[in-house]
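S.K.: Sharing a structure here in structure tokens format.
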Amino acid sequence: MHDSSPDVPTGEIPAEDFHRVQQSPEFAHLKRTFRSFAFPMTAVFLLWYFAYVLGSIFAKDLMMTRVAGNLTVGILFGLGQFVSTFLITWLYIRHSVKNVDPLARALREDLEASAR
């Protein structure tokens, strides 16, 4: 099969160009933009997850507290893990599309232009 995708550069990109981009302020800004979201969100998720795990181990009475019928605090915390995972994923996609992807696209276009 032949890939005729317009996103594939026609020329070989020299290693020097990759080094130039890697040292550029634009690339540093891209890394900062990604890390400013990814690291804090990872910390929040891990704290939330370990609170659930440690609560299950050390606060059994709290986790077994019935909220309604057979629904307990532990079950709500467990379901909250799923909800928070989907929420974090949605927030990351939104952040990436708005802030990270345009910067990465500009750097890629710069590299591809230098290969032509």
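S.K.: Within the range 69-85, whose backbone N sits under 20 Å from a point 7 Å along Cα→Cβ of TYR49?
M.R.: It comes to 74-85, nothing else.
S.K.: A further question follows. What residues have an amide H closer than 5 Å to that of SER24, excluding those fewer than 5 places away on the same chain, when H is modeled at 1.01 Å from N in the peptide plane?
M.R.: none
S.K.: Measuring from label point to label point, each 7 Å out along Cα→Cβ, what is the ALA115 to ILE93 span in nm?
M.R.: Spacing of the two 7 Å Cα→Cβ label points: 2.8 nm.
S.K.: Based on the Cα atoms of the chain, what semi-axes does the equivalent ellipsoid have, where each is the square root of 5 times one gyration tensor eigenvalue, given in whole Å with the largest first? Write down the numbers at each step before the final one.
M.R.: On the way: eigenvalues 431, 53, 23 Å².
Taking √(5λ) for each Cα gyration eigenvalue gives 46, 16, 11 Å.
S.K.: Provide the gained length on full extension for the span ALA38 to ALA59, in nm with one decimal, where the gain is 0.36 nm per separating residue minus the Cα-Cα distance. Spell out each step's value before the answer.
M.R.: Values: separation 21, 0.36 × 21 = 7.56 nm, distance 2.99 nm.
Once the chain is fully extended between ALA38 and ALA59, it gains 4.6 nm.
S.K.: Related question: Is there a quick way to get the dipole size of the chain? I mean about its Cα centre, with the Cβ of Lys and Arg at +1 and of Asp and Glu at -1; what is the value in debye to the nearest 20? Kindly include the intermediate steps, with their values, before the conclusion.
M.R.: Working: 11 positive and 11 negative charges, 147 e Å.
Around 700 debye, computed over the chain.
No lab work stands behind these numbers, since they all come straight from the coordinates. Quick caveat: nothing in here was measured; it's all calculated off a predicted structure. Note that we place each Cβ from the backbone using ideal geometry, even for glycine, and neighbour counts take in every protein chain shown.
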